[in-house]
Amino acid sequence: MSNQSGITASQDLLDLLASTVSDAASGPLDPVVAAEISPDNTAVVLHKTFPDHTRLQSYVKSLSSPLYIFVKSGPQLHFIAYVPEDAPVRSKMLYASTKNTLLRQVGSNHIARNLLLSVPEELAPESWETDDNDAGAVLTESERVNLKIAHQQQRDVVRGGRQLVSQTGGTSQTLSFKISSSQPIPELLQTHNVVSFVIDLQKEQVEVQDTAQISQKSELPALINTEHPSYTIYASNGNYYFIYSCPSGSKVKERMLYASNKSGFVKHLLEHDHLTMQKIFEIGDPEELELAEIEPAPAVAESANPSAGQLKFNRPKRPGRRS
């Protein structure tokens with residue numbers, strides 16, 4: 001069962017956060033943005049903005065419900081899942097199961113720190129302004145990797161003026177790894193309609209992880225890896241569909257690695273294997289795959305030369321003019 005609630009951020013909130021981290025953002029924009037899950041549990045929406053952390057602290061002292069808090073930090077944001085100890089259990093579970101989806105929508109490359117806090121006194125700069133030397137004492141492994149990548153990105157931009165792949169939303173057109181397959185991918189897809197791939201960091205290559213032949217598209221989600229990110233190609237009726245899956249709980253380093261090589265892999269499939277993707281899916285857990293967007297089997301076309309025993313239907317003729 002997925003540990004995601006299916007609740008997503010509203011476009012207004014995403015636009016506000018994008019403006020907050022933009023270099024052009026200044027003046028009227030408050031550097032602290034608090035968001036909440038809407039009362040009908042359908043979206044994450046803006047709750048309130050604050051000019052500084054002291055106003056935020058004062059505000060939440062009388063609040064018993066959780067909040068998602070974003071604090072501007074240069075070109076990035078510190079993310080805080082603020083869950084008071086006396087918050088209702090249902091709210092705690094709902095905010096926990098929505099957090100990963102929200103972070104994916106905002107983009108991990110925009111998040112400098114990812115914190116879980118529970119008391120107002122913790123909502124202070126010393127909670128999120130921790131340097132690399134003492135980060136190990138308070139950060140999880142995932143957070144340490146994320147912080148290290150963020151700092152490296154900032155150093156590289158200052159040094160060379162060039163954004164890394166992870167800073168451009170994974171839109172690089174270059175594949176960083178070689179492809180390893182026992183036979184050409186187009187040949188694999190002639191005998192199997194599902195081929196999944198993983199990145200082997202030690203061998204520095206993209207490898208075929210598994211192949212399968214399924215009779216209907218509803219079987220596809222069960223074949224997508226739930227332990228770590230993967231790439232999957234599904235062939236149906238002469239069309240090819242590319243699925244990039246990043247399950248909840250995937251490590252930060254894995255998320256960025258697969259996201260930064262997705263476009264390069266798709267380009268490789270087009271240029272080297274002559275495989276044009278009908279649609280490219282980006283999902284979290286396998287059950288998020290929209291099967292309705294995969295074309296159904298084509299209807300049986302009318303045959304110009306029907307085989308024996310097959311009926312042929314002719315278009316009716318227009319009635320002649322009456323005299």
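The values are calculated or read from the model by the stated rules, or taken from the named source; none is laboratory data. All of these numbers come straight from a predicted model, not from anything done at the bench. Neighbour counts run over all protein chains shown; Cβ positions are idealised from the backbone, glycine included.
Evaluated against (1) surrounded by fewer than 20 Cβ atoms within 10 Å (Cβ to Cβ); (2) not in a helix (DSSP H, G or I), K253 falls short on exactly one condition, (2). For the stretch 41-128, the helices (runs of 4 or more DSSP H) that sit wholly inside it and include 3 or more residues that are aliphatic (A, V, I, L, M) are 89-106. Any residue at all in the stretch 204-219 that is assigned to a loop (DSSP other than H, G, I, E, B) and modelled with pLDDT under 85? Checked the stretch 204-219: at least one residue is assigned to a loop (DSSP other than H, G, I, E, B) and modelled with pLDDT under 85. Filter the stretch 39-65 down to the residues that are under 20 Å from L103 (Cα atoms) and small (G, A, S), then identify the one that is nearest to the chain's Cα centre (by Cα). Result: A43. Between A235, A222, the distinction of being modelled with pLDDT of 90 or more, outside any strand (DSSP E or B) and of a type outside the set (F, W, Y) belongs to A222 only. Of the residues making up the stretch 191-210, one or more are touching a His at 6+ places or on another chain (Cβ under 8 Å) and not assigned by TED's automatic domain parsing to the domain that holds G107.
Considered as a group, the residues in the stretch 197-224 that are exposed (fewer than 15 other Cβ atoms within 10 Å of the Cβ) and in contact (Cβ under 8 Å) with a residue 60 or more places away in the chain include one that is nearest to the chain's Cα centre (by Cα), and that residue is A222.
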